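Engineer: Got a structure here, written out as structure tokens. Questions coming.
The values are calculated or read from the model by the stated rules, or taken from the named source; none is laboratory data. Since this is a predicted model, take the numbers as computed values, not measurements. As a convention, Cβ positions derive from the backbone with ideal geometry for all residues, glycine included, and neighbour counts pool all protein chains shown. The area values use the complete protein model at the heavy-atom level, side chains included, leaving out ligands, DNA and RNA. Shrake-Rupley method; radii C 1.70, N 1.55, O 1.52, S 1.80 Å.
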Amino acid sequence: MRSKRIAAEPLSILDPAHADPNKLEQLHAVKRWFTEDWRRIEPKLRTSIVEGISVFLSLFDDNPKVKRVFCPKRECYDPQKNSNNQYGKPLPSFSWLLDQGAVCALNFPVA
């Protein structure tokens, strides 16, 4: 990249002492999961998993109501801008819902 004079931002840190310890731990967990779990799964099963995730994520593009409920605009979470819920009512955090014993479900189509 340097030899071609292409602007780039490095995504790795050569000295882990300068990294955010939480981010570094997450990186190690992802690497461990990828090498020890994901790569050992049969290719057909991996393909099936990826397809399932793609179908799930497509719900957010295909259905504006689902997108608004689970991915509201940033203003929705601002108590001053959204004092009258004009941007919608944000869902509480999942940890709060679990602590309260609530259940959150999404009705998927059969097909």
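Engineer: Working from Cα positions, state the angle (0 to 90°, nearest 10) between the long axis of helix 21-36 and the longest principal axis of the chain.
Structural biologist: 80
Engineer: Rounded to a whole number, what % of the accessible area of region 51-111 do carbon and sulfur atoms account for, probe 1.4 Å? Please list the in-between numbers first.
Structural biologist: Working: 3040 of 5360 Å².
Roughly 57 percent of what the probe reaches on region 51-111 is carbon or sulfur.
Engineer: Please report the base-10 log of the normalised intensity I(q)/I(0) for the chain, using a Debye sum with one equal scatterer per alpha carbon and no solvent, at each q in 0.10, 0.22 (1/Å).
Structural biologist: Reported log10 I(q)/I(0), two decimals: -0.62, -1.13.
Engineer: Let's see if you can work this out: charge +1 on each Lys and Arg Cβ, -1 on each Asp and Glu Cβ, no other charges. What is the dipole magnitude of the chain about its Cα centre, in debye to the nearest 20? Walk me through the intermediate numbers first.
Structural biologist: Details: 17 positive and 13 negative charges, 83 e Å.
That gives the chain a dipole magnitude of about 400 debye.
Engineer: Using 19 Å as the cut-off for backbone N distance, which residues of region 15-45 belong to the label zone defined by a point 7 Å from the Cα of I53 along Cα→Cβ?
Structural biologist: Only 26-45 pass the distance filter.
Engineer: Could you tell me which residue out of S83, A7, P72 lies farthest along the dipole of the chain toward its positive end? Charges go on the beta carbon: Lys and Arg +1, Asp and Glu -1, centred on the Cα centre.
Structural biologist: Going by the charge dipole, the pick is A7.
Engineer: Does a label point 7 Å from the Cα of W96, set along Cα-to-beta-carbon, have any residues of region 56-82 with amide nitrogen under 13 Å, and which are they?
Structural biologist: Of the residues in region 56-82, 77-79 have backbone N under 13 Å from the label point off W96.
Engineer: While we're looking at this one, here's another question. Pairs of alpha-carbon atoms within less than 8 angstrom and 6+ residues apart define the contacts here; what relative contact order does the chain have, in percent?
Structural biologist: Details: 31 pairs, mean separation 10.6, N = 111.
With pairs under 8 Å counted, the relative contact order is 10 percent.
Engineer: Also, quick follow-up: Measure nothing fancy, just the Cα-based angle from helix 43-62's long axis to the longest principal axis of the chain, in degrees from 0 to 90, nearest 10.
Structural biologist: The helix 43-62 is inclined about 40 degrees to the chain.
Engineer: While we're here: Skip the ligands, DNA and RNA, and give the accessible area per residue of the chain with a 1.4 Å probe, whole Å².
Structural biologist: Working: 10530 Å² over 111 residues.
It amounts to 95 Å² per residue over the chain.
Engineer: Across the chain, how many lysine pairs separated by 8 or more positions, or lying on different chains, have Cα atoms within less than 19 Å? Can you show the working numbers first?
Structural biologist: Working: K23/K31; K65/K73; K65/K89; K67/K89; K73/K81; K73/K89; K81/K89.
Final tally of qualifying lysine pairs is 7.
Engineer: Here's another thing I want to ask about it. Let me cross-check K23: its accessible surface, 1.4 Å probe, with only protein heavy atoms counted, in Å² to the nearest 10?
Structural biologist: Surface accessible to solvent at K23 totals approximately 130 Å².
Engineer: Moving on. Let me cross-check K81: its accessible surface, 1.4 Å probe, with only protein heavy atoms counted, in Å² to the nearest 10?
Structural biologist: K81 exposes around 110 Å² with every protein chain in place.
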